[in-house]
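So the structure is just underneath, and the comments pick up after that.
Nothing in this text is a laboratory measurement; each read-out follows from the coordinates by a stated rule. Everything numeric in this text was worked out from a predicted model, so none of it was measured. In this analysis, Cβ positions are derived from the backbone assuming ideal geometry, glycine residues included, and neighbour counts consider all displayed protein chains.
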Amino acid sequence: MGATSRYQEGNALKNSMSRAAGAVLGVALASVLGAAGAAQAQDQPSAPAPASSKAIAGGSAVQAPAAVIAEVEAATARQRALAPNARRVCYAAHVQDIGWQSAVCDGQVAGTTGQSRRMEAVVIATSGVGGVCANAHLADIGWQGWACAGDGTAVTVGTTGQSRRMEALGVQVGSGSVGAQAHVADNGWLNSLAGNPVYVGTTGQSRQMEAVRIWV
């Protein structure tokens, strides 16, 4: 086989792999973005967590109070007003013995450190990234299932009123990448990670997440 043929064959393979990777990463946001192939969302074996926008059986996804959702969405809107073309994310955590905290944005800390308080749920909203999906790994449940929304609309994952720890968090955005960092029991702050999707925290170790930072 000539060098030109091998080069063309290599390019074809790389293009095929790129298309496959793009399809996998776009699955969780398909219903938000109107992408083709949304019906096959649950047929993607390479997704590291259930690629479904609905909570799976075994744990009820919490619906945050309207005031909390409004606060997170308002915080996102304020950030968008300051820089209309910038990528923004705002979020709020539900914490043991505290309840819902105030919204923070763009890498600020939600949750607590040094208090041994478990995170139980989180609300997230974005601007300038084409929407967000989130998925929580919970004690005695595992991965709860993806929840998705477009820019400016908040999604909630986790539980409240069940004294159930969140152990890990997955986040995916509609374009570009997302970064996050988790603070977990006994380990403190883990390494920050970036990708799309990105997963932070631990599984299989029974360690509670206590705080999180997210940026886009």
Note the full-extension length gain between LEU82 and GLN205 as 0.36 nm times their separation in residues minus their Cα-Cα distance, in nm to one decimal. 40.2 nm
Please give me the summed charge of the neighbours of THR153: other residues whose Cβ is under 15 Å from its Cβ, Lys and Arg +1, Asp and Glu -1. -1
